[in-house]
Amino acid sequence: MKYELPKLPYEYDALEPVISKKTIEFHYGKHEQTYINNLNNLIKGTPYENVPIETIVREADGALFNNAAQSWNHIFYFFSFTPHKNEIPKGMLAKAIDEKWGSFENFKKAFVDAGTTLFGSGWVWLVKDKDGKLDIIKESNAGNPMTKGYTPLLTFDVWEHAYYLDYQNRRADHLNSLWEIVDWKIVEKRY
């Protein structure tokens, strides 16, 4: 199986000013493409050559894990956004967020706090456990919550390449701005 960079469901400039066209060109168009190219080269002639990427993420280690997880993480991340405003989750997800954090505002604060306090590079995730309970977890580097049995619902990328062109060293500003473009309909479907 050959993995390919999927076409985004929006134009590269559609998320401005939250994420600039230039950032998407580099972050998705070049950086993500490199992970996918590396993944395709690493799986040739291995037992992972014809399996879903989720299997590779759950089972592999080393360079194969890093490139598979980063490929998956970035696609999941970029496909969580929309240029169309839908500001808050609804339905069962909204109820679960309120039960866990008391309010949507408290959840957003806890999520951003997790992302800003993650040392170095990585990801902050909203996840669901096997019982349907929500949590926020931090993963360093290429870390992915599927390796721990969680279902990912939403992630924010806290690697510097995700925000440095637009926000320089202001990680918290970047994370806070992402709420403007989250596609809650997609997140609700994942829940």
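In the stretch 168-176, the count of residues that are open to solvent by less than 30 Å² (accessible area, probe 1.4 Å) and under 13 Å from the mean Cα position of the chain (by Cα) is one or more. Filter the stretch 70-115 down to the residues that are aromatic (Phe, Trp, Tyr) and in contact (Cβ under 8 Å) with a residue 40 or more places away in the chain, then identify the one that is nearest to Asn176 (Cα to Cα). Among those residues, the one meeting the criterion is Phe111.
Here's the yes/no breakdown for (1) free of Cβ contacts under 8 Å to residues at least 60 places away in the same chain; (2) under 24 Å from Lys148 (Cα atoms); (3) not acidic (Asp, Glu):
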| residue | (1), (2), (3) |
| --- | --- |
| Leu15 | no, no, yes |
| Val18 | no, no, yes |
| Asn41 | yes, no, yes |
| Glu49 | yes, yes, no |
| Ile53 | yes, yes, yes |
| Glu59 | yes, yes, no |
| Ala63 | yes, yes, yes |
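I'd like to know if the stretch 120-132 contains one or more residues that are modelled with pLDDT under 95, of a type outside the set (Phe, Trp, Tyr) and part of a helix (DSSP H, G or I). No, the stretch 120-132 has no match at all. The C-beta contact set for the stretch 141-157 (first residue within 24 Å of Val18 (Cβ to Cβ), second residue basic (Lys, Arg) and open to solvent by 10 Å² or more (accessible area, probe 1.4 Å), distance under 8 angstrom, 6+ apart or interchain) comprises Pro152/Arg190; Leu153/Lys128; Leu153/Arg190; Leu154/Arg190.
For the stretch 53-90, the set of residues classified as touching a helix residue (DSSP H, G or I) at 6+ places or on another chain (Cβ under 6 Å) and either farther than 26 Å from His161 by Cβ or basic (Lys, Arg) (or both) consists of Arg58, Asn86, Ile88, Pro89, listed by residue number.
For residues that are assigned to a loop (DSSP other than H, G, I, E, B) and within 24 Å of Tyr10 (Cβ to Cβ), scanning just the stretch 145-167, find the one that is most open to solvent (accessible area, probe 1.4 Å). Break it down into steps so the answer makes sense when it comes.
Taking the stretch 145-167 and keeping what is assigned to a loop (DSSP other than H, G, I, E, B), we get 149-150, 158-159, 163.
Narrowing the set further to residues that are within 24 Å of Tyr10 (Cβ to Cβ) leaves 158-159, 163.
On the way: Val158: 1, Trp159: 55, Tyr163: 8 Å².
Taking the candidates together, the pick is Trp159.
Among the residues of the stretch 10-27, none qualifies, meaning not one is over 18 Å from the mean Cα position of the chain (by Cα) and polar (S, T, N, Q).
The values are calculated or read from the model by the stated rules, or taken from the named source; none is laboratory data. Just so it is clear, the model here is predicted, and its values are computed rather than measured. With ideal geometry, Cβ positions are generated from the backbone for all residues, glycine too; neighbour counts draw on all protein chains shown. For accessibility, only protein heavy atoms count, side chains too; no ligands or nucleic acids. Shrake-Rupley method; radii C 1.70, N 1.55, O 1.52, S 1.80 Å.
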